[in-house]
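A.B. asks: Have a look at this one before I ask anything.
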Amino acid sequence: MIVKQIYDILKKEQLVATMEEYSVYWLMRHKSTASYLLYKKRDLSSGAKISLLSKVKEKITSINCNQIHLKLNPNLIDNLKTAETILIKDIEKTFNLQI
């Protein structure tokens, strides 16, 4: 499930500490959303995926503008781009389009 894949990437990169933080900051939903979706074995809605993609792209841009983060963690951009690719491919498949 994408909700878990992206959470794992963000947690690995220390961009989130908890599911609650992920739900609020990255998914822009209620603090229990990610945990609830995992419990119910459901994935993000299309709208939530698009919002999450926007947040990931925003973070990539922010990091590119502030190169100091790359010196601390050279894999950060690569892992965020992996998250971006996962989201783009899923959205393209869902709507049968190219982003």
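A.B. asks: For n ≥ 4 DSSP H runs only, could you compute -39500 (n - 2.57) per run for the chain, divide by its residues and tell me the 222 nm figure to the nearest 500?
C.D. replies: Here the helix-only value at 222 nm equals -20500 deg cm²/dmol.
A.B. asks: Continuing with this model, one more query. Extension gain Lys4-Cys65, at 0.36 nm per residue separation less the Cα-Cα distance, in nm?
C.D. replies: Computed gain between Lys4 and Cys65 is 19.2 nm.
A.B. asks: Once you have a ≥ b ≥ c as the square roots of the Cα gyration tensor eigenvalues for the chain, tell me rounded if a/c is under 1.5, and otherwise prolate or oblate according to whether a/b is larger than b/c.
C.D. replies: The shape class here is oblate.
A.B. asks: With labels modelled as points extended 7 Å from the Cα through the Cβ direction, what inter-label distance (nm, one decimal) is found for Ile50 paired with Glu20?
C.D. replies: 3.0 nm
A.B. asks: Give the cross-link partners of Lys40 among the lysines, using a straight C-alpha distance below 18 Å as the criterion and excluding same-chain residues fewer than 8 apart.
C.D. replies: Lys4, Lys31, Lys49
A.B. asks: Another question, then. Can you list the residues of the range 14-31 with backbone N under 14 Å from a point 7 Å past the Cα of Asn75, pointing along Cα to Cβ?
C.D. replies: Taking a point 7 Å out along Cα→Cβ of Asn75, the residues of the range 14-31 whose backbone N falls under 14 Å are 14-15.
A.B. asks: Along the positive direction of the dipole of the chain (beta-carbon charges: Lys, Arg +1; Asp, Glu -1; about the Cα centre), which of Ser62, Thr82, Leu52 reaches farthest?
C.D. replies: Final value for the positive-end residue is Leu52.
A.B. asks: Extending each Cα 7 Å along its Cβ direction at Ile88 and Glu58, get the distance between those two points in nm, one decimal.
C.D. replies: 1.9 nm
A.B. asks: Given charges of +1 on the Cβ of Lys and Arg and -1 on the Cβ of Asp and Glu, with all other atoms neutral, how large is the dipole of the range 2-95 about its Cα centre, in debye to the nearest 20?
C.D. replies: For this selection, approximately 220 debye.
A.B. asks: Below 9 angstrom from the Cβ of Ser23, what's the summed charge of the other residues (Lys, Arg +1; Asp, Glu -1)?
C.D. replies: Local charge sum for Ser23: 0.
Computed from the coordinates by the stated procedures, all read-outs in this text should not be read as laboratory data. Everything numeric in this text was worked out from a predicted model, so none of it was measured. Methodologically, a virtual Cβ is constructed for each residue, glycine included, from the backbone with ideal geometry; neighbour enumeration extends over all protein chains shown.
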